[in-house]
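What follows is a set of notes on a single structure, which appears directly below.
We did not get these values from a lab; they are worked out from the coordinates using the rules stated. Treat the numbers as computed from the prediction; the structure is a model and nothing was measured. We place every Cβ from the backbone using ideal geometry, glycine too, and count neighbours over all the protein chains shown.
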Amino acid sequence: LVYQDGLVTGRLEADKEGYLLISMPFDPGWKAYINGQEVEIRSLDQALMAIPVKEGHQELFLTFLPQGFNEGLLVSSAALGLLILILLGRAVFILFQRKKAGQPLSFALAFQSIKQRTFLSKRKTKRGDMDLIEGDEEGKDPL
C-alpha cells in the first residue's frame, strides 16, 4: 500500500475470496474502493480495518474525510460571509455619515475610519505593569 496526499492506494492479487486486513485504525471517515466500486470497511476487533476482497487482481483506493468536516466547512464559510457583510455594512454606514457631513466619499476612507475607531488605545509597559494610555479621537499616538 502507498500513502500519499490523504489517499491510500494499492494493488493486490487474492488467491481466494476473503478479507484484506489493513493495520490502520478503523474510523467511520474512511471509504474504500475496489476496482472503482465502493465496498464496506468492517472493523476488526473494534480497532483495525478489514476490507472484503474477491479472488483475482484488484486495485484498492482508500480515502479519508473526518466526520463533521463538511458541516465545519459550512459553518466556517457562513461565519466568514457574515464577517464580510458586517464590515461592508459598517463601511457603507460610515460613507453615509460622511455624505451627511459633506466629507469626501471613498471606501478607503471608510475602512480607515473603522481602523481608527477600533484602535482606541495603546499599551505601554512600565516596570512590568501594563498602563493604558488613551489615544485621541482620530487614533493618533498620544506619545
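As a rough guide to protection, the peptides 87-98, 66-77 ranked by mean Cβ packing within 10 Å, highest first, stand as 87-98, 66-77. As an equivalent ellipsoid, region 1-97 spans semi-axes of 47, 13, 9 angstrom, where each value is the square root of five times an eigenvalue of the C-alpha gyration tensor, largest first.
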